[in-house]
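Structure, as structure tokens:
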Amino acid sequence: MLPDVVALLRCPHCGADLAPDGSALRCPARHTFDIARQGYANLLAGDAKAGTADTADMVAARDAFLGAGHYRPIAAALAEATADAARRAPGAVVDVGAGTGHYLAHALDAAPDRVGLALDISKYALRRAARAHPRAGAVVCDAWRPLPVRDAAAAALLNVFAPRNPAELRRVLHPEGRLLVVTPTARHLGELVGALGLLRVDDDKKARLDEALDPHFTPVRADVIGFPMNLTDTDVATVVGMGPSAWHTDPAELARRIAELPRPHVVSAEVTLSVYAPRRA
Ligand SMILES: C[S@@+](CC[C@H](N)C(=O)[O-])C[C@H]1O[C@@H](n2cnc3c(N)ncnc32)[C@H](O)[C@@H]1O
Ligand SMILES: [Zn+2]
């Protein structure tokens, strides 16, 4: 793991700085955390709510889908917003719930003098995230708990279809930095929602996001990013598996319903990229 990435981290037990020690990270109180062979460090303190961690299959499917470029406009918008944040504040690019590191890699390309950190609870995701970009490191942690990241370490915080803990996000974000949140709109995957019985996104998701973040963040800008995608049957199954519906749909039943859909699968993607500034204490 790059020294500049280790310098972003703090001990999840006592909050002290961490330093490399062989194939581990260690704090002065000798709390020790392994760096896996695949390059990610495990800074999970205690038991995780592993129920929400992505499985190996889910991660492989998402990697293929994102690698095919279906969500390229989202990655491009995040990259631009990251470059803007990097002009405003010193610090790293940190992706909370980073998955495979796809968006982080694009963001780092747009911030050439910064290092990146992928945080996720799924080690399968982080195996890929650890290799996603030469300037990125990857760390297992639980986004619902205190993050193993130093105060004000991030110039840009990414949070894409992933869990967020507003108080912690503010703590790790530099006062001049920006939080970039991507959420689906009610029209996201609209063609599939009814036909496949997916969970619906309600219309005031954005308002609820602003409200949840309000004690810690003030909205700066929100852009709706909408575009059509041409998907194969496999892509359709993947994009369903990437969303919350994955936990509610039986794979055999899903495959049966996909087989009955009209071809080609032209599916609308529509998300909001919301940019927030931290509130002054
Ligand atoms: C829908 S995926 C999005 C991943 C990535 N941002 C993307 O869009 O490709 C949600 C991610 O959040 C991670 N996750 C779920 N619960 C988590 C938690 N409590 N702490 C950290 N990450 C979590 C999952 O492992 C998964 O990688
Ligand atoms: Zn410690």
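Quick one: residue 163 ticks every box in (1) buried (at least 18 other Cβ atoms within 10 Å of the Cβ); (2) within 14 Å of the chain's Cα centre (by Cα) except a single one, so which number is it? Condition (1) is where residue 163 drops out. Considering the range 104-128, the residues that are closer than 15 Å to residue 9 by Cβ and touching a strand residue (DSSP E or B) at 6+ places or on another chain (Cβ under 6 Å) include one that is farthest from ligand 2 (Cβ to nearest atom), namely 116.
As a summary of the residue check, residue 27 satisfies the conditions (1) within 19 Å of residue 130 (Cα to Cα); (2) surrounded by 14 or more Cβ atoms within 10 Å (Cβ to Cβ) except for the one numbered (1). The set of residues in the range 96-141 that are in a loop (DSSP other than H, G, I, E, B) and within 12 Å of the chain's Cα centre (by Cα) comprises 97, 98, 99, 100, 101, 121, 122.
Check the range 2-21 and report whether any residue there is within 16 Å of ligand 1 (Cβ to nearest atom), surrounded by 14 or more Cβ atoms within 10 Å (Cβ to Cβ) and either part of a strand (DSSP E or B) or among the charged types (D, E, K, R) (or both).
Step one: of the range 2-21, the residues within 16 Å of ligand 1 (Cβ to nearest atom) are 9, 12.
Next, from what is left, pick out any that are surrounded by 14 or more Cβ atoms within 10 Å (Cβ to Cβ): 9, 12.
Among the residues that remain, those that are also either part of a strand (DSSP E or B) or among the charged types (D, E, K, R) (or both) are: 9.
For the range 2-21, residues within 16 Å of ligand 1 (Cβ to nearest atom), surrounded by 14 or more Cβ atoms within 10 Å (Cβ to Cβ) and either part of a strand (DSSP E or B) or among the charged types (D, E, K, R) (or both): present.
For the range 192-204, indicate whether the set of residues that are farther than 26 Å from residue 57 by Cβ and within 18 Å of the chain's Cα centre (by Cα) is non-empty. No, the range 192-204 contains no residue that is farther than 26 Å from residue 57 by Cβ and within 18 Å of the chain's Cα centre (by Cα). Restricting the search to helices (runs of 4 or more DSSP H) fully inside the range 183-281 and requiring at least 1 residues that are in contact with a Lys or Arg (Cβ under 6 Å, 6 or more places away or on another chain) and touching a residue at least 40 places away in the same chain (Cβ under 8 Å) gives 190-196, 233-242.
Within the range 27-44, no residue that is touching a residue at least 60 places away in the same chain (Cβ under 8 Å) and of a type in the set (Lys, Arg) sits with its Cβ atom under 7 Å from a residue that is assigned to a loop (DSSP other than H, G, I, E, B) and near ligand 2 (Cβ under 9 Å from one of its atoms) at 6+ positions apart or across chains. For the range 128-149, give me the residue count where each residue is touching a helix residue (DSSP H, G or I) at 6+ places or on another chain (Cβ under 7 Å) and charged (D, E, K, R). Of the residues in that region, 2 qualify.
Computed from the coordinates by the stated procedures, all read-outs in this text should not be read as laboratory data. Remember, predicted model here, so these are calculated numbers, not experimental data. Don't worry about glycine lacking a Cβ; one is built from the backbone with ideal geometry, like all the others, and counts go over all protein chains shown.
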